[in-house]
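Student: Take this structure first; my questions come after.
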Amino acid sequence: MQTSPAIEYHKTRDFGKKLNATVEFIKENFKPLFRALIYIAGPPIILGSILFSQIFERIMNLGTLAQAGLDPGFNDVFGFIIPGIGGMIFLLIGGTALVAVVYDYMILYEKRGKNISVNDVWQLTKTSFWQVLGRMFLLTLLFLAAYVVVVIIIVAFATASPGLAFIIGLPVGGAFLYCIVPIYLIFIITAYEKVGFGAAIGRCFKLVGGKWWSTFGLIVITGIIQGIISYVFMIPWYVIFILKTLHATDAGAFSFAEPTPLMEVISTISFMFYSVMSYVLYFIPLIAIAFQYFNLIELKESKGLMSKIDAFGTSAQEEDEEEHY
C-alpha cells in the first residue's frame, strides 16, 4: 500500500527550517535510505576504504619507524601506487552511486511516500549513475581548467611583484569560491529537471543568484555535522596510534607496551569504518542541498504553488462536469 509523503518538498524555508526539514527527512527515511546506500553504493566504498586504510596504516607505520631510528623502507613504491589507484577508482564509483541513490530515493519518496525498497531505487540508479558520472567527469575537467587559469594569473603577477600577486590572488580566489558554491546544486538539478550539462550549470547560477550566502552556510554547517559524526568512528584508531607512538618513543622510567595484534586489527577496522562512514554520511549535505534547491525554485519560480493552483482548477472542473451530467 502506497502512502503520501509526509514532507513537502516545494516550500519556501528559512535557514533553520531547511535544517529541520533535512533532519526530519533523515529520521523518517533513515532505514530504507541507509539500506539502499549500503547495498548499492556500499560495496565499492568499502573496497576503496580498505585499500586507502592500508596505505594510511603504512604511512603511519613509516613515521613511527622513522621516529624510532629504524629503516622506514621508502622503496616500496608499488605498495602505495597500486592500492592508491584502485582505491580512487572504487571510491569514485561509490561516490557516484551515493549521489545517484540519494536523489533517486528523494524522487521516489515524492511520488510514493516511504514504502521504498532497494530494488525500487536500483531501477532508477542503473540509469542515473551514468548521468552523475558524466557530470562528475565534466566538472573535474572544468575545475582543472579553472585552476590552471587561476595559477597562470597568479604566477604572471608574481613575476612582477609577490605583493601584487597576493593582491590579485585574493579576488581571483574569491571568484573561484563564488563559482564553486552554486555548482553544488548541479546533481539535484540534473535529477529533477533532466537537462544537459551546460543548461544545468546555467540553472545553478540562476537559482543561487542573490542566495549565495544561505547556500554557502547550509553547505558548511551540514558538512561540519557530517564530519563530526564520521570522526566518532576514528576514536579507536587514534587511541591505538597514540599507544604505538608512545611505544616507539618511550625512554627512561616510562615504558609502553607494543599494541597487540588484536589492537592492530581494531585499528585497521576503525579506520576502514571511518572511511566508509565519512563517505556514506555525505547524504546529509546532499539532502540539505536538495531542500535548498526546492526552496529556491519556490522563491523564484513558484512551481509548487502553480502546481497546487493547476490541481485545484482541474478538480473544480471535474466537479462541474459531474454536476452537469
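Student: THR12 to SER117: FRET efficiency via 1/(1 + (r/R0)^6), r the Cβ-Cβ distance, R0 35 Å, to the nearest 0.05?
Tutor: After rounding, the FRET efficiency stands at 0.60.
Student: Take TYR39, TYR293, TYR279 and sort them by solvent-accessible surface of the protein heavy atoms, 1.4 Å probe, largest at the top.
Tutor: In descending accessible area the options line up as TYR39, TYR279, TYR293.
Student: At 0.36 nm per residue, and after removing the present C-alpha to C-alpha distance, how many nm does the segment from LEU262 to GLU24 gain when stretched out fully?
Tutor: Stretched out fully, the LEU262 to GLU24 stretch lengthens by 81.7 nm.
Student: Here's another thing I want to ask about it. So what does GLU8 come to for accessible area, using a 1.4 Å probe and Å² rounded to 10?
Tutor: Per-residue accessible area (GLU8): approximately 70 Å².
Student: May I ask which of LYS31/LYS111; LYS11/LYS114; LYS31/LYS114; LYS17/LYS126; LYS126/LYS211; LYS211/LYS300 have a Cα-Cα span longer than 22 Å here?
Tutor: Flagged as over cut-off: LYS17/LYS126; LYS126/LYS211.
Student: Something else about it: Say each of TRP213 and ILE235 gets a label point 7 Å from the Cα, pointing the same way as Cα to Cβ; how far apart are those two points in nm?
Tutor: Each label point is offset 7 Å from its Cα along the Cβ direction, giving 3.7 nm.
Student: Probe 1.4 Å, all protein chains in place: accessible area of VAL102 in Å², nearest 10?
Tutor: We get 0 Å² for VAL102.
Student: Then there is this: Quick one, can you get me the convex hull of the C-alpha atoms of the stretch 114-226 expressed as volume per residue in Å³?
Tutor: Each residue corresponds to 141 Å³ of Cα convex hull volume.
Student: Here is a follow-up. With labels modelled as points extended 7 Å from the Cα through the Cβ direction, what inter-label distance (nm, one decimal) is found for ALA145 paired with ALA160?
Tutor: 2.6 nm
Student: Full-extension gain between CYS179 and ILE89, please, as 0.36 nm times their residue separation minus the C-alpha to C-alpha distance.
Tutor: Stretched out fully, the CYS179 to ILE89 stretch lengthens by 29.7 nm.
The values are calculated or read from the model by the stated rules, or taken from the named source; none is laboratory data. Every value quoted in this text rests on a predicted model; they were computed, and no experiment measured them. No Cβ is skipped: glycine too gets one built from the backbone with ideal geometry, and neighbour counts run over all protein chains shown. The accessibility values were calculated without ligands, DNA or RNA, using every heavy atom of the protein model including side chains. Shrake-Rupley method; radii C 1.70, N 1.55, O 1.52, S 1.80 Å.
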